[in-house]
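J.: My structure is below; once you've seen it, I'll send some questions.
Coordinate-derived values only; no laboratory data. Quick caveat: nothing in here was measured; it's all calculated off a predicted structure. Here the Cβ is made from the backbone with ideal geometry for all residues, glycine too, and neighbour counts use every protein chain on show.
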Amino acid sequence: MSSPTFHILNVTSHLKKSTIKYKVMPNRIFSLERNDETVSSFYTLNDLVFMINKRLNHENQITVNFIKENYSDLIKNVDNIEVIDENSDFKTIWGPKGNMRIPKERKLRPLVANHYELVLYNIFIRVVGAENVQVQYQINGEGNHFDFMIDYNGKKYLIEFDGIGHFQTNRYGETVHPLEQLNNFNNHDFQLIIWPYWIQRCEKNLRVVLGEETNGLGAVWGSTYFFNDFPWKDSNDIIRKLNAQFNIERNGDVGYIYGPDENRNYPEHPFIESKILDNKKRNAPWTIEKFIPKGTSNDIEERNYWLPDRLKIN
């Protein structure tokens, strides 16, 4: 079997203004129908149109032809299938109404905050039905909005999706502890769930929250921002607590979240090979420490808990 093809891209680091080169994931395509098994940022045009139509704020439904006519520059061919990458400029459909740089026809403005939540919404309604999911939910008498509220089998769940930005120092040098909202939430009518970016967007993870599944899934398939980059000294505890909501441990650790995975269409994270194993010979700065969050002891078993199998310490 031939080795998968990698594409070399220039990607700007979240932490530095300098540009680094790295290999992104081999070609893989997300499938809404098989979302437990497919891990990717590439969406087929049919899936994308279906998901957007579920959340458009006007009656006119879009078509695949509409996408081809207005977003032709963003369409790429992957394994002979036309796809759009969620990390491309397709996110401009959420552009502010006053932003004149974005053509009017590209401002679809589906009623979710971003493309991550678009996928989550469509996954949620597959499990519990659209009538049981509310977007940008506000508890009566309280000022906070929550990304989703699910009312299912007599229980109410508030779900907040936290992307990479929630785990970084902001432009003002400030950090908001990721557990602050979870720890300070005292409304007993709801169960609050924080869904961080490394928890796979799939039905299986929602079913864990709902008590219908035992074990969830983690997936870090292309991020350049690793657990050791988190600025908090107790990052170890933060990540473990967030993971526990979905019970993503496998065989006593979480190293599998970097792939490969025989049960999912999910290759190994390219940094393991290109930045760790290959560069180890040249004393490159990328080491296994990138995977180990602050607050982790020097105990080998504790450190191995975070490491992919190929990088575990003997």
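J.: Once the other residues with Cβ under 10 Å from the Cβ of Leu120 are scored (Lys, Arg +1; Asp, Glu -1), what is the net sum?
T.: Every neighbour counted, the sum reads -1.
J.: If packing is taken as the mean number of other Cβ atoms within 10 Å per residue, what is the order of 61-67, 37-43, 307-313, highest first?
T.: Taking the mean over residues of other Cβ atoms within 10 Å, the ranking is 37-43, 307-313, 61-67.
J.: Something else about it: Could you please report the charge total around Asn132, scoring K, R as +1 and D, E as -1 over all other residues with beta-carbon less than 11 angstrom from its beta-carbon?
T.: Neighbour charge sum, excluding Asn132 itself: 0.
J.: Could you pull out every residue, at least 5 positions away or on a different chain, whose amide H is within less than 5 Å of the one on Trp195? Hs are placed 1.01 Å off N in the peptide plane, and Pro or chain starts have none.
T.: Glu160, Phe161, Asp162
J.: Need one word for segment 218-258: rounded, prolate or oblate. Basis is the Cα gyration tensor (sqrt eigenvalues a ≥ b ≥ c); a/c below 1.5 gives rounded, then a/b vs b/c decides.
T.: It is oblate, given that a/c is not under 1.5 and a/b is not larger than b/c.
J.: Taking θ = phi - 60°, what integer Hz values does the Karplus form 6.51 cos²θ - 1.76 cosθ + 1.60 yield along segment 46-56, in sequence order, with x for Gly and Pro?
T.: Coupling constants for segment 46-56: 5, 5, 5, 5, 4, 5, 5, 4, 6, 10, 5 Hz.
J.: Would you mind counting up the charge near Asp162? Only other residues with Cβ under 12 Å from its Cβ, with Lys and Arg at +1 and Asp and Glu at -1.
T.: Result for the neighbourhood of Asp162: -4.
J.: Ranked highest first by average number of other Cβ atoms within 10 Å, how do 207-213, 299-305 line up?
T.: Order by mean packing, descending: 207-213, 299-305.
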